[in-house]
Amino acid sequence: MARTYDYDLFVIGAGSGGVRAARMAAMSGARVGIAEEHRVGGTCVIRGCVPKKFMVYASEYSQAFKAAEGYGWSKSVATFDWARFLEAKDIEIARLSGIYVTNLQNAGADIFHARAELKDAHTIALADRDKTLSVDKVLIATGARPVLPAEVPGIELAITSNEAFQLPTLPKSILIVGGGYIAVEFAGIFNGLGVKTTLVYRGANILRGFDNDVRSHLTTELERRGITVILGCEHLKLEKTPTGINSCMANNHEVETDVVMFATGRDPYTAGLGLENAGVTLGDKGAVVVDDFSKTNVANIWAVGDVTNRIALTPVAIREGAAFAETEFFDRPTSFDHDNVASAVFSQPPIGAVGLAEADARHKYGKVDIYRSVFRPMKASFYGGEERMLMKLVVEPKSERVVGCHIVGPDAPEMIQMAAIAIKMGVTKSQWDQTCAVHPTAAEELVTMREKYVPPELAMSG
């Protein structure tokens with residue numbers, strides 16, 4: 001006789017991936033429960049992409065006011081009200097979280113506002129009640145959390161991106177530690193809001209994993225906008241002073257600021273979930289190890305999103321969650337293809353990228369062709385702005401396939417979404433070139449690059 005469970009599926013974590021999987025499974029007729037220890041919506045909606053994008057929008061106005069004068073607008077004195085912005089942001093986040101709750105309820109899923117823990121592969125305990133739940137399938141979707149380097153003395157004085165969304169007052173100065181997308185995005189945000197901003201990274205260049213031209217170009221543009229960028233420098237300790245926090249770094253370098261924010265990494269959030277009770281295998285940084293179908297080594301347990309440490313992007317978590325539901329509840333075996341996933345960095349200026357960086361393409365294919373353009377966008381050239389855009393295509397010469405597209409500049413994230421479609425379909429450079437330009441736009445540069453790029457040092461030697 002078949003065993004009867006309280007739930008056909010129980011999802012731990014109500015972020016983007018978990019919610020999508022739960023909704024789809026429930027709509028198949030399955031009995032679905034989902035638990036969230038914080039607020040429904042997860043990192044992206046509550047303390048990630050969405051509120052951060054609102055902060056980017058707010059911070060961009062300072063640059064827009066400067067540009068406006070070049071277009072004939074009278075100079076005006078504008079002030080920014082941090083408290084008013086936070087209030088409006090929190091209201092909108094609450095609204096979005098409510099929509100997630102409503103959608104789950106409408107699909108027929110039961111929501112538990114509590115921390116869930118596995119007692120064994122088929123038993124869930126909730127933190128606020130004595131009764132356990134029996135479950136058939138389990139999906140882990142708890143995401144990742146920012147971590148602070150415990151080995152740095154005085155690290156308790158620092159904040160992470162989580163606290164940056166709720167600072168009681170806007171600081172006059174901030175030092176941001178890290179070279180990833182969170183660090184560079186917040187550097188642009190605080191700088192745009194008038195905060196004296198310093199970005200410190202221990203590596204030789206920011207944004208590890210992105211194309212090297214993109215990395216160096218963005219560093220130049222950040223500095224052009226007034227951000228102090230310190231590379232190859234590591235923190236030794238933090239000290240509280242009467243007027244702020246003193247960052248003591250290598251090479252006897254010291255910087256005092258009101259706030260120090262560490263954005264040096266996020267770890268999969270698996271501690272305390274009881275995964276060891278069910279025998280789930282964990283990998284680097286505690287990530288849940290899964291196969292192409294997001295299945296763990298335990299027959300009835302799956303995991304999606306940042307907790308698996310594959311590609312830490314919200315749309316990827318959503319697609320992984322959907323693929324799980326298609327496979328397990330709609331009898332349509334589906335695995336998400338992690339190749340050629342486009343990404344955006346909402347730095348200032350922003351980045352859009354899809355496919356291989358030049359160095360990675362050379363490692364994979366040997367010889368590659370590069371098409372590259374650096375130019376001043378039309379809007380900036382009119383009023384004498386100094387900012388520059390970068391556009392770059394990486395082409396595998398034998399097949400002529402475009403295997404990488406990299407853009408730095410206004411609207412880069414919007415452009416890359418469309419470029420990603422073509423690259424995902426295997427577009428060749430000749431097909432790409434057959435596309436007629438849309439004029440006058442910055443994007444037309446993408447389809448008008450005809451000459452292969454030769455680095456200056458090679459051109460001189462030739």
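Just one residue in the set Gln166, Gln105 is polar (S, T, N, Q), modelled with pLDDT under 95 and out of contact with any Gly (no Cβ under 8 Å at 6 or more places or on another chain); that residue is Gln166. Suppose we keep only residues that are hydrophobic (A, V, I, L, M, F, W, C) and free of Cβ contacts under 8 Å to residues at least 12 places away in the same chain within the range 89-123. Which one would you say is farthest from Gly272 (Cα to Cα)? Looking at residues that are hydrophobic (A, V, I, L, M, F, W, C) and free of Cβ contacts under 8 Å to residues at least 12 places away in the same chain, I get Ile91. Only one entry of Lys398, Lys392, Lys379, Lys364 meets the criterion of being basic (Lys, Arg), at negative phi and modelled with pLDDT under 95, and that entry is Lys379.
Return yes when Glu358 is on the phi > 0 side of the Ramachandran plot, touching a strand residue (DSSP E or B) at 6+ places or on another chain (Cβ under 7 Å) and at pLDDT 95 or above and no when it is not. No, not satisfied.
Note down all Cβ pairs under 7 Å where the first residue falls in the range 181-202 and is over 10 Å from Ser59 (Cα atoms), the second is at pLDDT below 95 and among the acidic types (Asp, Glu), and they're at least six residues apart or on different chains. From residues that are over 10 Å from Ser59 (Cα atoms), the pairs are Arg202/Glu234.
All but one of (1) surrounded by 14 or more Cβ atoms within 10 Å (Cβ to Cβ); (2) among the hydrophobic types (A, V, I, L, M, F, W, C); (3) modelled with pLDDT under 95 hold for Leu282; state the number of the condition that does not hold. Result: Leu282 passes all but (3). Taken over the range 78-121, the criterion of being farther than 12 Å from Ile34 by Cβ and touching a strand residue (DSSP E or B) at 6+ places or on another chain (Cβ under 6 Å) is satisfied by Glu117, Lys119. Would you say Val259 is in contact with a strand residue (DSSP E or B) (Cβ under 6 Å, 6 or more places away or on another chain), touching a residue at least 60 places away in the same chain (Cβ under 8 Å) and in the same structural domain as Gly209 (by TED's automatic domain parsing)? Yes, satisfied.
Just to be sure, is Ala317 in contact (Cβ under 8 Å) with a residue 60 or more places away in the chain, buried (at least 21 other Cβ atoms within 10 Å of the Cβ) and either farther than 24 Å from Ala127 by Cα or not aromatic (Phe, Trp, Tyr) (or both)? Spelling it out, Ala317 is indeed in contact (Cβ under 8 Å) with a residue 60 or more places away in the chain, buried (at least 21 other Cβ atoms within 10 Å of the Cβ) and either farther than 24 Å from Ala127 by Cα or not aromatic (Phe, Trp, Tyr) (or both). Only strands (runs of 3 or more DSSP E) whose full extent lies in the range 156-272 are considered here, and the ones with at least 3 residues that are surrounded by fewer than 20 Cβ atoms within 10 Å (Cβ to Cβ) and of a type in the set (D, E, K, R) are 235-241.
Looking at the structure I just gave you, is Ile46 in contact with a Gly (Cβ under 9 Å, 6 or more places away or on another chain), modelled with pLDDT under 95 and not polar (S, T, N, Q)? Judged against the criteria, Ile46 is a match. Considering only residues of the range 38-78 that are within 25 Å of the chain's Cα centre (by Cα) and of a type in the set (Val, Ile, Thr), which is farthest from Val11 (Cα to Cα)? Here the residue is Val56. Quick check on the range 382-406: of everything there that is touching a strand residue (DSSP E or B) at 6+ places or on another chain (Cβ under 9 Å) and of a type in the set (Asp, Glu), which residue is nearest to Ser343 (Cα to Cα)? Top of the filtered list is Glu396. Does Gly13 satisfy the condition of being buried (at least 24 other Cβ atoms within 10 Å of the Cβ) and at pLDDT below 95? The answer is no for Gly13. Selection of the range 366-397 for residues being among the β-branched types (Val, Ile, Thr) and either in contact with a Gly (Cβ under 7 Å, 6 or more places away or on another chain) or over 21 Å from Val438 (Cβ atoms) (or both) yields Val368, Ile370, Val394, Val395.
For the range 123-137, the tally of residues that are of a type outside the set (Val, Ile, Thr) and more than 33 Å from the chain's Cα centre (by Cα) stands at 5. Among the numbered conditions (1) touching a Gly at 6+ places or on another chain (Cβ under 8 Å); (2) under 22 Å from Tyr269 (Cβ atoms); (3) not basic (Lys, Arg), the only one that Ser173 does not meet is (2).
Being at positive phi and assigned by TED's automatic domain parsing to the domain that holds Ala125: is that true of Asn297 here? The answer is no for Asn297. Any chance the range 392-407 includes a residue that's touching an Asp or Glu at 6+ places or on another chain (Cβ under 9 Å), of a type outside the set (A, V, I, L, M) and closer than 28 Å to Ala64 by Cβ? Yes: the range 392-407 contains one or more residues that are touching an Asp or Glu at 6+ places or on another chain (Cβ under 9 Å), of a type outside the set (A, V, I, L, M) and closer than 28 Å to Ala64 by Cβ.
The values are calculated or read from the model by the stated rules, or taken from the named source; none is laboratory data. These figures come from a predicted structure and were not determined experimentally. Cβ coordinates were reconstructed from backbone atoms using ideal geometry, including for glycine residues, and neighbour counts include every protein chain displayed.
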